[in-house]
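Below: the structure, in C-alpha cells.
The values are calculated or read from the model by the stated rules, or taken from the named source; none is laboratory data. All figures in this text were calculated on a predicted structure; none of them were measured in a lab. Heads up, the Cβs are rebuilt from the backbone with ideal geometry, glycines too, and the neighbour counts pull from every protein chain shown. Surface areas here come from the heavy atoms of the whole protein model, side chains and all, with no ligands, DNA or RNA. Shrake-Rupley method; radii C 1.70, N 1.55, O 1.52, S 1.80 Å.
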Amino acid sequence: MIASRTLCSIFLLLLCADCSSLAQRSPMSSPPNKKLIQRVIEITNRERVKQGLPPLKRHDVLCEAAHWMAKDMADNRYFAHQDKQGRTLGLRLKDFGYAQLRSVGENIAAGQEEPKEVVAEWIRSPGHRANLFGTTYREIGVGYVATPKGEYESYWVQDFGMRSRIYPVVINEEHAETDTSKVHLYIYGEGWAEKMRISNDKEHWSAWEPYVAEKEWELEPGEGKRTVYVELKNEDNVTQLSEDTIEFVAKDEGANSPPKIGMNTVKPKPITPDEPKPVKPVKGTDDTEKRPEPPPVKPEEPPKKEPVKMEDPPKKEEPKKEEPPKKEEPPKKEPPKKEDPPKKEPPKKEEPPKKEPVPDC
C-alpha cells in the first residue's frame, strides 16, 4: 500500500566553494530511469518558461547525485535532506564533483507515480515552488527510485545549481529529441558576455556577433545526436565555451501512409469474399443421394436508421412592448351655473279693510 505523499525542499546560497567533505560518495547499485528523469526536466522547464524564466540545463553530475539520494532514502527508510552519511546538500554535491558552487537547492518527494504529478505538487507547495522557479540556478538534475523496500514506493529528488563562471546553452528547453533541424537556443551569459559565436562542429564558426540570450539555429543535417557549441567573450576578451546535445530524429510518416514494398516487406494478402460451405447431401426415398437446392438468400436490408431528432433551441421570447399608459384627461370643469336671482315679487298692496256697515239699531 502506498503511503501518503510527502514533500520537502531546501535552498542554500553558497558564497564560497572551499567546503570539506564529510564522506565519500557510494557507487550507484541500480541504473536510473532515464525516461522519467528526462520527463521531469522537460515539465519543469516548460513551467519555468511559462513564468518568463529561462530553462535549466541538465547536468549529469547533478542527476547522479539526485539518484543516489533517492536510493539512499529508499534503502534506509528515511525522508530528509541530510543523508545517512551526515552530509548536507552542498557537501554531497561537492563529493560528486559539482564544484565552484554559488547556489544550490533541492526538492524531494515520495509516493507520487508520474512526473507530471510530482512536479504539480512541487509547484503547489510554496517552498518547492520557490526552488523550481528560482532565478539563481542554471542547471538541474533529477533522481527517481521505485522500490518496495522503502516506506514509500517511489522517491523523487530534484537538485538545482549554479557554478561560478559557467554559462550553459540550452537547446529547445532541454528536450531530448527534435524532428526539425531548426532549434531554439537559450544562452546564459547576461551581464558578462559581450560577443558570441556558434558552431555545429567546433571548426566552422559563425561570425562574432553581439551577445543575445535567445537565438534560432540550424542543426547539421542528418539523423542522430547533434551538438551545438557556443563561445562567449567578455569585454576583456576572456572566452567561455559551452555546449548542448539533442537527438535529431526523422518525422513519423504516420500509420495511414501506404507501406513501402521492399525486400523485407510482406505484401498484404488480397481480401476475398467468403466461399460458401459445401452442403451435405440428403438421402431421398429411392436411396439415391440428392443435393437439395439451397433456398435463395434474400439480401438483408440494412436497418433503417431513424433520423436523430434535433431539439430546436428554445425560442427567444420577444419582450412585449408595453403601451404607454393613457393619460387621463382631467375632468372638464363645468362652469358653475349661474342661479337666476330670485325674482322680486312686487309687494302686495294691502287693501284697506272694508268697513262693514253698522247695522241699524
*Any idea how many residues of region 141-187 are out of contact with any strand residue (DSSP E or B) (no Cβ under 7 Å at 6 or more places or on another chain) and either of a type in the set (Ser, Thr, Tyr) or in a strand (DSSP E or B) (or both)?*
2
*asked:* Could you tell me how many of the residues in region 170-184 are within 24 Å of residue 51 (Cβ to Cβ) and open to solvent by 20 Å² or more (accessible area, probe 1.4 Å)?
replied: 5
*asked:* Report every pair of residues separated by at least 6 positions or lying on different chains whose Cβ atoms are under 7 Å apart, first residue within region 188-206 and open to solvent by less than 70 Å² (accessible area, probe 1.4 Å), second part of a loop (DSSP other than H, G, I, E, B) and of a type in the set (A, V, I, L, M).
replied: 197/207; 200/219
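How many residues does region 52-63 contain that are in a helix (DSSP H, G or I) and open to solvent by 10 Å² or more (accessible area, probe 1.4 Å)?
Keep residues of region 52-63 that are in a helix (DSSP H, G or I), which gives 60-63.
This time we only want the ones that are open to solvent by 10 Å² or more (accessible area, probe 1.4 Å), so: 60-61, 63.
Total meeting the criteria: 3.
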*Within region 183-222, which residues are at pLDDT below 95 and within 25 Å of residue 45 (Cβ to Cβ)?*
220
*Across region 104-125, what is the total count of residues that are more than 11 Å from residue 44 (Cβ to Cβ) and buried (at least 23 other Cβ atoms within 10 Å of the Cβ)?*
7
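Can you tell me which residue in region 112-123 is farthest from residue 79 (Cα to Cα), limited to those that are in contact with a helix residue (DSSP H, G or I) (Cβ under 9 Å, 6 or more places away or on another chain) and touching a residue at least 40 places away in the same chain (Cβ under 8 Å)? I'd like the intermediate steps shown before the answer.
First pass over region 112-123, keeping only residues in contact with a helix residue (DSSP H, G or I) (Cβ under 9 Å, 6 or more places away or on another chain): 112, 114-116, 118-123.
Cutting the leftovers down to touching a residue at least 40 places away in the same chain (Cβ under 8 Å) gives us 112, 115-116, 118-119, 121-123.
Details: 112: 14, 115: 19, 116: 21, 118: 16, 119: 18, 121: 17, 122: 16, 123: 19 Å.
Restricting to residues being in contact with a helix residue (DSSP H, G or I) (Cβ under 9 Å, 6 or more places away or on another chain) and touching a residue at least 40 places away in the same chain (Cβ under 8 Å), the top hit is 116.
Go through region 223-263 and give me each residue that's outside any strand (DSSP E or B), farther than 18 Å from residue 175 by Cα and either at pLDDT 95 or above or open to solvent by less than 60 Å² (accessible area, probe 1.4 Å) (or both). Let's see the steps before the verdict.
First, pick out the residues of region 223-263 that are outside any strand (DSSP E or B): 223, 234-238, 249-263.
Going one step further and asking which of them are farther than 18 Å from residue 175 by Cα, we end up with 234-238, 253-263.
If the condition is that a residue be outside any strand (DSSP E or B), farther than 18 Å from residue 175 by Cα and either at pLDDT 95 or above or open to solvent by less than 60 Å² (accessible area, probe 1.4 Å) (or both), then 234, 235, 236, 237, 238, 254, 257, 262 are the ones that fit.
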*asked:* For the list (1) in a loop (DSSP other than H, G, I, E, B); (2) crowded, with 23+ Cβ neighbours inside 10 Å, I need the number of the one condition that residue 128 fails.
replied: (1)
*Go through (1) open to solvent by less than 80 Å² (accessible area, probe 1.4 Å); (2) at pLDDT 95 or above; (3) out of contact with any strand residue (DSSP E or B) (no Cβ under 7 Å at 6 or more places or on another chain); (4) in a helix (DSSP H, G or I) one by one and return the number of the condition residue 66 breaks.*
(3)
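What about residue 49, is it under 24 Å from residue 242 (Cα atoms), of a type in the set (Val, Ile, Thr) and surrounded by 21 or more Cβ atoms within 10 Å (Cβ to Cβ)? Quick ask: steps written out before the conclusion?
Details: under 24 Å from residue 242 (Cα atoms): yes; of a type in the set (Val, Ile, Thr): yes; surrounded by 21 or more Cβ atoms within 10 Å (Cβ to Cβ): no.
For residue 49, the condition - under 24 Å from residue 242 (Cα atoms), of a type in the set (Val, Ile, Thr) and surrounded by 21 or more Cβ atoms within 10 Å (Cβ to Cβ) - is not met.
Scan region 76-125 for residues that are in a loop (DSSP other than H, G, I, E, B) and either within 29 Å of the chain's Cα centre (by Cα) or not polar (S, T, N, Q) (or both) and report the count.
Here is the first cut: in region 76-125, the residues in a loop (DSSP other than H, G, I, E, B) are 77-88, 96-100, 111-114, 125.
Add one more test, that the residue is either within 29 Å of the chain's Cα centre (by Cα) or not polar (S, T, N, Q) (or both), and what stays is 77-81, 83-84, 86-87, 96-99, 111-114, 125.
Residues flagged as in a loop (DSSP other than H, G, I, E, B) and either within 29 Å of the chain's Cα centre (by Cα) or not polar (S, T, N, Q) (or both) within region 76-125 amount to 18.
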_Here is a list: 101, 91. Which entry is in contact with a Cys (Cβ under 7 Å, 6 or more places away or on another chain), among the hydrophobic types (A, V, I, L, M, F, W, C) and surrounded by fewer than 23 Cβ atoms within 10 Å (Cβ to Cβ)?_
91
